[in-house]
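The values are calculated or read from the model by the stated rules, or taken from the named source; none is laboratory data. This structure is a prediction, so every number in the text was calculated from the model and none was measured. Quick reminder, even Gly has a Cβ in these numbers, built from the backbone with ideal geometry, and neighbours come from all protein chains shown. SASA here: full protein model, heavy atoms, side chains in, ligands and nucleic acids out. Shrake-Rupley method; radii C 1.70, N 1.55, O 1.52, S 1.80 Å.
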Amino acid sequence: VGSTKAGINMDAVALMGGTIKAAAERTADRGGFGCAKLVVFCNAVEDNPFMAGAFHGVGEGDCVINVGVSGPGVVYHALQDVKGQPFDTVAETVKKTAFRITRMGQLVAQEASRRLNVPFGIVDLSLAPTPAVGDSVARILEEMGLEVCGTHGTTAALALLNDAVKKGGVMASSHVGGLSGAFIPVSEDEGMIAAAASGALTLDKLEAMTCVCSVGLDMIAVPGDTTAETLAAIIADEAAIGMVNSKTTAVRIIPAPGKVVGDTVEFGGLLGSAPVMPVHPFGSADFIHRGGRIPAPMQSLKN
């Protein structure tokens, strides 16, 4: 719906708010599961291999092998060996771990490329969590010294993690691409689920964290009666962060039909479960109905 160069298409933002609402209603029997397959991007990359949101951009070859690798559990265990040590040591530990994971991903990608006779594109090193205990990005942040993910200091911890992961990946391969960094999907991360259920992790805090992570507001459940305009306004806020900061941001949000704050939506498998989080009670309809375009910042116009 937008980019740093073009600005934000607010008509598209409004359309996507309604589309997300419709997707939830059409899959109401599964907790709004359709929304889990829909991501709204600003500054979308062309070589993203991660589902949902994966696509093959116009700059890509006709056929190419792009591989996504992960490993939050490996990083978490590595940090347990440097408890209480300065952040320089923490960053170096994450970089070395990311290096190893990326190198393994590249070896797998090269072998797949050889066997299929398809060109090797990129390795996307993104710490993508799963609901399994021990495979959580939130627990990595807590291992750095936070009592619970979402408290003060969380954004700084995530910034360190994201930066170190990217640096470690670049050292390991000249084919690093995609999103490469840390994902913060609430329903897919055991630690995020616990933090959100305790009230420590809020929608506003997650938005702040998206300023320094790889993507954006991801797999977040909100009350089923959340309006299309409110969903669109959440998208607009996230797109603005991406546009102004020249980074990829995205929204994958589920207005769970029939659910209210305090309920839990179960998706199962890698999509996990999501505690329903509150949205602001004040409306944004008049803002969204203006339509048009939010212009790109001056810096991008100069470029």
Across segment 123-148, the tally of residues that are in contact with a helix residue (DSSP H, G or I) (Cβ under 7 Å, 6 or more places away or on another chain), surrounded by 16 or more Cβ atoms within 10 Å (Cβ to Cβ) and of a type in the set (Gly, Ala, Ser) stands at 2
Taking first residues from segment 14-27 that are farther than 24 Å from Arg290 by Cβ and in contact (Cβ under 8 Å) with a residue 12 or more places away in the chain and second residues anywhere that are open to solvent by 40 Å² or more (accessible area, probe 1.4 Å) and among the hydroxyl-bearing types (Ser, Thr, Tyr), the pairs with Cβ under 6 Å that are 6 or more apart or on different chains are none
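Among residues belonging to segment 175-205 that are among the hydrophobic types (A, V, I, L, M, F, W, C) and under 10 Å from the mean Cα position of the chain (by Cα), point out the one that is modelled with the lowest pLDDT.
In the first step, residues of segment 175-205 are kept if they are among the hydrophobic types (A, V, I, L, M, F, W, C); the result is 176, 179, 182-184, 186, 192-197, 200-201, 203.
Then drop every residue that is not under 10 Å from the mean Cα position of the chain (by Cα), which leaves 179, 182-184, 186.
Values: Leu179: 82, Ala182: 86, Phe183: 88, Ile184: 90, Val186: 94.
Among those residues, the one meeting the criterion is Leu179.
Checking the condition open to solvent by 30 Å² or more (accessible area, probe 1.4 Å), under 21 Å from Thr210 (Cβ atoms) and in contact (Cβ under 8 Å) with a residue 12 or more places away in the chain, which residue from Val75, Val45, Val94, Val64 passes?
Working: Val75 fails: open to solvent by 30 Å² or more (accessible area, probe 1.4 Å); Val94 fails: open to solvent by 30 Å² or more (accessible area, probe 1.4 Å); Val64 fails: under 21 Å from Thr210 (Cβ atoms).
Exactly one residue qualifies, and that residue is Val45.
Scan segment 149-168 for residues that are part of a loop (DSSP other than H, G, I, E, B), in contact (Cβ under 8 Å) with a residue 24 or more places away in the chain and open to solvent by less than 40 Å² (accessible area, probe 1.4 Å) and report the count.
From segment 149-168, those part of a loop (DSSP other than H, G, I, E, B) are 149-153; that's our starting set.
Now restrict to residues that are in contact (Cβ under 8 Å) with a residue 24 or more places away in the chain: 149-151.
Pick out the ones that are also open to solvent by less than 40 Å² (accessible area, probe 1.4 Å) and you get 149-150.
Count: 2.
Of a type in the set (S, T, N, Q), under 27 Å from Glu46 (Cα atoms) and open to solvent by 50 Å² or more (accessible area, probe 1.4 Å): does that describe Gln110? Don't jump to the end; show me each part of the working.
Values: of a type in the set (S, T, N, Q): yes; under 27 Å from Glu46 (Cα atoms): yes; open to solvent by 50 Å² or more (accessible area, probe 1.4 Å): yes.
Spelling it out, Gln110 is indeed of a type in the set (S, T, N, Q), under 27 Å from Glu46 (Cα atoms) and open to solvent by 50 Å² or more (accessible area, probe 1.4 Å).
Counting just the residues of segment 198-216 that are part of a helix (DSSP H, G or I) and touching a Ser or Thr at 6+ places or on another chain (Cβ under 8 Å), which one comes out nearest to Ala128 (Cα to Cα)? It would help to see each step written out before you state the result.
Start the filter on segment 198-216 by keeping residues that are part of a helix (DSSP H, G or I), which leaves 198, 203-209.
Going one step further and asking which of them are touching a Ser or Thr at 6+ places or on another chain (Cβ under 8 Å), we end up with 205, 208-209.
Working: Lys205: 19, Ala208: 19, Met209: 15 Å.
Once the filter is applied, the top-ranked residue is Met209.
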Considering segment 276-296 alone, what residues qualify as being of a type outside the set (Asp, Glu), assigned to a helix (DSSP H, G or I) and open to solvent by 30 Å² or more (accessible area, probe 1.4 Å)?
-> Ala285, Phe287, His289
